[in-house]
Amino acid sequence: MSAATPGTAPIQVQGLRKVYDGPHGPIVAVDGIDLEIASGEFFGLLGPNGAGKSTTIGMLTTRVRPTGGLAQVAGIDVTKHPAAVKQHLGVVPQTNTLDRALSVLDNLVFHGRYFGLSGRESRRRAGELLDRFQLADRADAKVLTLSGGMAQRLMFARALLHEPDVLILDEPTSGIDPQTRINLWDILRELNTAGQTILLTTHYMEEADTLCDRIAIIDHGRVLALGSPGELKSGLGADSLVTVTFDVDAGAIKPEVEAIPAVTRVEIEGPVARVFTRDASGIVGAVAAAGAQRGLALRDASITPPTLEVVFLTLTGRAYRE
């Protein structure tokens, strides 16, 4: 394996851009993002469909060539030395990329050989990982016979076989059962505790909130927010989210609700009023009273702490994405 540059962050991104040629002109997929992921950090990259997450991952894993800027893995430029970069990466992609012509064991052993491990070392590592991911009894089975959850566990094992500096997970738990997801979370926590640097993209806000040390939320190819889950949630400037639902559109009450002391932000979506506040005491009553003055009937109300999902939707909007 090519040596990493000592003292450098496992992932460094400066002004990274990717522009595609579209039928009606240039399409900017990634628009000058800056990121630095520290050694041993569990980092989350969140964004709606089309935000630029997969393109960013593609550039870091050398599948996509940047249009501009700098991206380094283990201190190695992804554009100048792509083969060397791959030696430091373990990747779990969105889709099943296992070799269907090989057995479960041979998928791991061949991967190890590809990364320069001896046959003996590849088999030793493969055996350890099959045990860890509870696949030892399927070692001789063909990949085609595996369930979706088993195949995903095998891709995790394959990504870890050559002991990479950085593990990149691109929506790794999408479409698998809750038991497999929770068990994979436990393994990822163990790996991270042992010092593994991990970059995760996911649409599961709970997954990012539970696992990640820091999170970047991106949209339209730009970083909108960066920080720990706690920092992102506190950045809303509210301790509580009060959600009040009326019988009809509540847009008319927005000025009155915004004027309520301790309210920091108000979102109205049809009959639903979302009120961010530093103190939830009396807010439901005040919002209901504002609605009653406009002839709106209260249908439902709730008070919850701000969640990462609320942060995400506040920053990226609620419109459908392709």
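Descriptive notes on the structure:
- Tally of residues being without any contact (Cβ under 8 Å) to a residue 60 or more places away in the chain, in a helix (DSSP H, G or I) and either more than 23 Å from LEU45 (Cβ to Cβ) or more than 16 Å from the chain's Cα centre (by Cα) (or both) across region 156-181: 4
- Here the condition is being in contact with a strand residue (DSSP E or B) (Cβ under 6 Å, 6 or more places away or on another chain), small (Gly, Ala, Ser) and either within 25 Å of GLU309 (Cβ to Cβ) or free of Cβ contacts under 8 Å to residues at least 40 places away in the same chain (or both); of GLY44, GLY68, it holds for GLY44 alone.
- Summed over region 119-155, the residues that are crowded, with 16+ Cβ neighbours inside 10 Å and free of Cβ contacts under 8 Å to residues at least 12 places away in the same chain give a count of 0.
- Those residues of region 169-189 which are over 17 Å from PRO93 (Cα atoms) and in contact with a helix residue (DSSP H, G or I) (Cβ under 9 Å, 6 or more places away or on another chain), in sequence order: ASP177, GLN179, ASN183, ILE187, ARG189
- Residues being over 28 Å from LEU35 (Cβ atoms), in contact with a helix residue (DSSP H, G or I) (Cβ under 8 Å, 6 or more places away or on another chain) and either assigned to a helix (DSSP H, G or I) or not hydrophobic (A, V, I, L, M, F, W, C) (or both) are entirely absent from region 209-218.
- Candidates ARG265, ARG278, filtered to the one that is at pLDDT below 95 and farther than 29 Å from ALA51 by Cβ: ARG278
- Flag for LYS53 being surrounded by 19 or more Cβ atoms within 10 Å (Cβ to Cβ), in contact (Cβ under 8 Å) with a residue 40 or more places away in the chain and within 25 Å of ARG153 (Cα to Cα): yes
- Qualifying residue in region 147-155 (condition: under 14 Å from VAL104 (Cβ atoms), in a loop (DSSP other than H, G, I, E, B) and of a type outside the set (Phe, Trp, Tyr)): yes
- Residue in region 198-216 that is of a type in the set (Lys, Arg) and more than 18 Å from PHE276 (Cβ to Cβ) present: yes
- Test: residue in region 191-206 that is in a helix (DSSP H, G or I), surrounded by 16 or more Cβ atoms within 10 Å (Cβ to Cβ) and either touching a Phe, Trp or Tyr at 6+ places or on another chain (Cβ under 7 Å) or in contact (Cβ under 8 Å) with a residue 40 or more places away in the chain (or both): yes
- Among residues of region 10-29, those that are in contact (Cβ under 8 Å) with a residue 40 or more places away in the chain and more than 16 Å from the chain's Cα centre (by Cα), counted: 11
- Of the listed requirements (1) of a type outside the set (Gly, Ala, Ser); (2) under 21 Å from GLN152 (Cβ atoms); (3) surrounded by 20 or more Cβ atoms within 10 Å (Cβ to Cβ); (4) in contact with a strand residue (DSSP E or B) (Cβ under 7 Å, 6 or more places away or on another chain), LYS18 misses just one: (2).
- Residues located in region 62-92, provided they are buried (at least 18 other Cβ atoms within 10 Å of the Cβ), part of a loop (DSSP other than H, G, I, E, B) and within 22 Å of the chain's Cα centre (by Cα): THR62, VAL64, PRO66, ALA74, VAL78, HIS88
- Residue match in region 105-124 (condition: out of contact with any Phe, Trp or Tyr (no Cβ under 7 Å at 6 or more places or on another chain), within 27 Å of SER39 (Cα to Cα), assigned to a helix (DSSP H, G or I) and of a type in the set (Asp, Glu)): yes
- Conditions (1) modelled with pLDDT under 95; (2) out of contact with any strand residue (DSSP E or B) (no Cβ under 9 Å at 6 or more places or on another chain); (3) in a loop (DSSP other than H, G, I, E, B); (4) not hydrophobic (A, V, I, L, M, F, W, C): number failed by ARG100: (2)
- Positions within region 223-253 being exposed (fewer than 15 other Cβ atoms within 10 Å of the Cβ) and in contact with a Gly (Cβ under 8 Å, 6 or more places away or on another chain), in sequence order: GLY235, ASP249
- Residue that is over 18 Å from VAL248 (Cα atoms), assigned by TED's automatic domain parsing to the domain that holds PHE246 and surrounded by 15 or more Cβ atoms within 10 Å (Cβ to Cβ), where the choices are ALA273, ALA301, ALA288, ALA280: ALA280
The values are calculated or read from the model by the stated rules, or taken from the named source; none is laboratory data. Here the structure is a predicted model, which is why all the values come from computation and not from measurement. Glycine gets a Cβ as well: all are built from the backbone with ideal geometry, and neighbour counts include every protein chain shown.
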